[in-house]
2 protein chains.
Amino acid sequence: MGPGGIDKHRWQFEAADENRAELDAIVDAGAFVMGRNMFAPGRGEWDLDWRGWWGEDPPYHGPVFVLTHFPRAPLEMEGGNVFHFVTDGIESAFRQAREAAGDRDISIAGGASTVNQFLAAGLLDELRLHIAPLTLGAGERLFDGVPPLRLEQVSTRQTSLVTHITYRVIRA
Amino acid sequence: MGPGGIDKHRWQFEAADENRAELDAIVDAGAFVMGRNMFAPGRGEWDLDWRGWWGEDPPYHGPVFVLTHFPRAPLEMEGGNVFHFVTDGIESAFRQAREAAGDRDISIAGGASTVNQFLAAGLLDELRLHIAPLTLGAGERLFDGVPPLRLEQVSTRQTSLVTHITYRVIRA
């Protein structure tokens with residue numbers, strides 16, 4: 001994550017009870033899409049011993065589609081977590097997640113460049129920001145490369161270590 | 001401002017009553033510093049007929065130090081507004097504003113690149129964000145070129161057209 005990167009997650013570890021509603025909402029979806037960095041450090045061919053950041057029971061409890069340039073067989077873990085590795089782009093990942101989710105929502109888990117790709121493609125209905133009180137001075141930035149967006153404010157809540165803002169994305 | 005630029009100011013025009021506290025706070029300082037774009041369109045030598053965006057009684061009611069590469073004599077307007085044009089950089093503008101403000105705060109009025117320069121120089125104690133629900137897809141970005149910052153959340157308030165967040169900047 002780079003220096004200071006862990007600090008933007010402090011609210012999740014040190015104030016989990018206070019932020020329970022937003023933490024629960026993050027993993028309340030029928031399927032998930034994430035960039036490779038959300039699943040693993042590094043680049044290039046997979047180290048098959050790497051099974052994610054979360055231990056044997058990740059918090060998603062459903063199918064997760066990981067965007068990557070390197071094929072890998074699906075990885076089934078405890079609690080209903082199944083990681084699928086998608087090498088043919090975000091539209092494909094979106095379709096697969098949409099199908100796997102049935103009637104439930106699908107969630108783009110991050111990081112910023114993955115969210116930016118989905119925003120640019122017009123595939124998001126809702127954007128949930130969790131704004132930690134620090135800047136890193138480097139790294140991916142939300143909204144880079146994203147065309148103009150019209151949003152509608154849904155809710156804001158400040159807790160001791162983070163400010164949550166949810167927007168609805170208005171179709172043009 | 002470019003396409004859509006006026007929309008980020010909708011809350012100021014269409015919901016002024018609802019956002020009265022934050023609007024009053026913006027102009028509650030003993031002196032102000034702003035980038036040239038906050039005072040005038042265009043670049044290069046001054047058009048001396050241009051007297052700012054605000055009419056004859058701008059909302060600052062005090063000395064305003066405008067950063068520019070082009071000298072211009074001070075411009076005195078109604079209501080105690082005096083615009084000074086500073087050609088020797090942000091530290092000079094800061095010193096002059098500090099001196100003019102006496103016991104009162106000084107405010108960096110914007111835009112983003114001016115705020116970024118002051119943040120990078122470690123000259124700000126407080127950062128007030130007014131987050132409008134849209135993106136422009138282009139333009140200056142807050143925090144570009146700014147080293148890592150530690151902030152402390154002071155307050156958050158959402159009104160119908162904007163979300164206000166105030167941070168204290170923690171010295172390293």
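The numbers here are math on the coordinates, done by the rules we state, and not lab data. The model shown is predicted, which means the values in this text are computed figures rather than measured ones. Every residue, glycine among them, receives a Cβ derived from its backbone with ideal geometry; neighbour counts consider all protein chains shown.
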Rounded to one decimal in nm, the spacing of the 7 Å Cα→Cβ label points at B:ARG20 and B:PHE70 is 4.0
For the axis mapping A onto B, the chain A residue whose beta carbon sits nearest, plus its rounded distance in angstrom, comes out as A:THR156, 3
antiparallel share of DSSP beta bridges within region B:1-96, to nearest 5, in %, is 20
GNM of chain B, Cα pairs under 10 angstrom: of B:PRO58, B:PRO74, B:PRO148, the biggest fluctuation goes to B:PRO148
Here, region B:107-172 modelled as identical Cα point scatterers in vacuum has Debye log10 I(q)/I(0) at q = 0.16, 0.22, 0.24 Å⁻¹ of -0.58, -1.04, -1.18
Computed, not fitted: 222 nm per-residue ellipticity of chain B from DSSP H runs ≥ 4 (each -39500 (n - 2.57)), nearest 500, equal to -5500 deg cm²/dmol
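Looking at region B:32-142 only, what percent of DSSP beta bridges run antiparallel? Nearest 5 please. Display every interim value, and only then the final one.
On the way: 2 of 14 bridges.
Within region B:32-142, antiparallel bridges account for around 15 percent of the total.
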Per GNM of chain B with C-alpha springs under 10 angstrom, the most fluctuating residue out of B:ALA73, B:ALA138, B:ALA31 is B:ALA138
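Give the Kirkwood hydrodynamic radius (Å, one decimal) of region A:32-83, defined as one over the mean of 1/r across all pairs of different Cα atoms. Numbers along the way, then the final one.
Numbers: mean 1/r = 0.0891 Å⁻¹.
Computed over Cα pairs of region A:32-83, the Kirkwood hydrodynamic radius comes out at 11.2 Å.
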Taking the alpha-carbon centre of each part, the distance from region B:107-172 to region A:88-156 in Å is 22
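Hand me the GluC sites (Glu not before Pro) from region B:117-155 located in a DSSP loop with no more than 16 other Cβ atoms within 10 Å, in residue order please. If you can, show how the numbers build up before the last one.
Details: sites: B:GLU126, B:GLU140, B:GLU152; in loops: B:GLU140.
For GluC sites (Glu not before Pro) across region B:117-155 that sit outside H, G, I, E and B with at most 16 neighbouring Cβ atoms in 10 Å, the list reads B:GLU140.
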Here the correct list, in nm and shortest first, of distances from A:ALA138 to the same site in the other copies, label points 7 Å along Cα→Cβ, is 3.0
Note on the protein assembly as shown, DSSP bridge orientation, antiparallel percent to nearest 5 equals 60
Per residue, the convex hull enclosing the alpha carbons of the protein assembly as shown has a volume in Å³ of 162
In whole Å, largest first, the alpha carbons of region B:1-116 cover along the principal axes 38, 37, 30
Shape descriptors of region A:1-40 over alpha-carbon atoms, Rg and Dmax in angstrom, are 12.2, 33
In a Gaussian network model of chain B with springs linking alpha carbons closer than 10 Å, the residue among B:VAL64, B:VAL162, B:VAL33 that fluctuates most is B:VAL162
